[in-house]
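Below is one structure, written out as structure tokens, with a few remarks after it.
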Amino acid sequence: MSLELRDVHAVYGKSRVLYGVSLRATEGEVVCLLGRNGAGKSSTLRAIVGLVEIISGDVLVDGRSLRGIPTHTIARLGVGLVPEDRRIFGDLSVVENLAVGARPDAGWTLERVFGLFPKLAQLARQRGGSLSGGEQQMLTIARTLMTGPRVLLLDEPSEGLAPVIVQALATNIAALKRQGLTIVMAEQNVKFARRLADRAYIIEKGQIRFDGSMAALDADESLRRAYLAV
């Protein structure tokens, strides 16, 4: 499934947050949206699923416009968002959290999810609120997979996680890529992005400042310093 944003302008209330954002991602590709905090990464992902108002431009999945479609309908069309704040149901068990997102026609079962995240199988009966940050991130991704997405949007997946967990997460995302998912990942961690991304975009103040390969980005130190250095 392909995803394309065409000259998207978007607002939160009266505040403009995106200024003509265009990007594309194709089946089996990992595209990374890089930028500092507040640059517009999360706003871009939220605009795709209808959580930020688009005032001009368009979002298309396999050529079909998503603009104006309710978020729950966008999810049924195969677009899944893994939010930055995870939104785990703390009082529900791992299995119950997964059941919340389950769709019978999604193609993802508990067995398949546990095959991708074996740690979750060990924690199946534990409350979501008792899990570590890394375990919660795995659970959030797994819960989104239970909805059967063909386009997976990951908002800051490596943020706040220990290096060993980040490494395991990269392995999981690479496995999803091999299964043919279209993946758009908003990230600040360039090292993490470099391991996974086929292409990268840099966003700054709601505008795309770079569109190209990770090799091209790595070769341009001035660009990285201007838009990614802390």
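The values are calculated or read from the model by the stated rules, or taken from the named source; none is laboratory data. If you're wondering where the values come from, they're calculated on a predicted model, not measured in any experiment. Positions of Cβ are generated from backbone atoms using ideal geometry, with glycine treated the same way; all protein chains shown enter the neighbour counts.
Residues that are buried (at least 18 other Cβ atoms within 10 Å of the Cβ), assigned to a helix (DSSP H, G or I) and either more than 16 Å from the chain's Cα centre (by Cα) or free of Cβ contacts under 8 Å to residues at least 60 places away in the same chain (or both) within segment 196-226 comprise Met214, Leu217, listed in sequence order.
Among the residues of segment 68-98, the ones that are in contact (Cβ under 8 Å) with a residue 40 or more places away in the chain, among the aliphatic types (A, V, I, L, M) and not in a loop (DSSP other than H, G, I, E, B) come to 6 in all.
Just checking, does segment 142-162 include any residue being surrounded by fewer than 14 Cβ atoms within 10 Å (Cβ to Cβ) and assigned to a loop (DSSP other than H, G, I, E, B)?
yes
Within segment 16-28, the residues that satisfy the criterion of being small (Gly, Ala, Ser) and either modelled with pLDDT under 95 or buried (at least 16 other Cβ atoms within 10 Å of the Cβ) (or both) are Ala25, Gly28. A Cβ distance below 6 Å, combined with a sequence gap of six or more or placement on separate chains, defines the contacts here; from segment 26-37, residues that are under 12 Å from Leu181 (Cβ atoms) and of a type in the set (Ser, Thr, Tyr) reach residues that are at pLDDT 95 or above and in a loop (DSSP other than H, G, I, E, B) in the pairs Thr26/Ser2. Checked against (1) out of contact with any Lys or Arg (no Cβ under 8 Å at 6 or more places or on another chain); (2) polar (S, T, N, Q); (3) surrounded by 14 or more Cβ atoms within 10 Å (Cβ to Cβ), Ser65 passes all but condition (3). Any chance you could count how many residues in segment 2-15 are at negative phi and at pLDDT below 95? Qualifying residue count for the region: 3.
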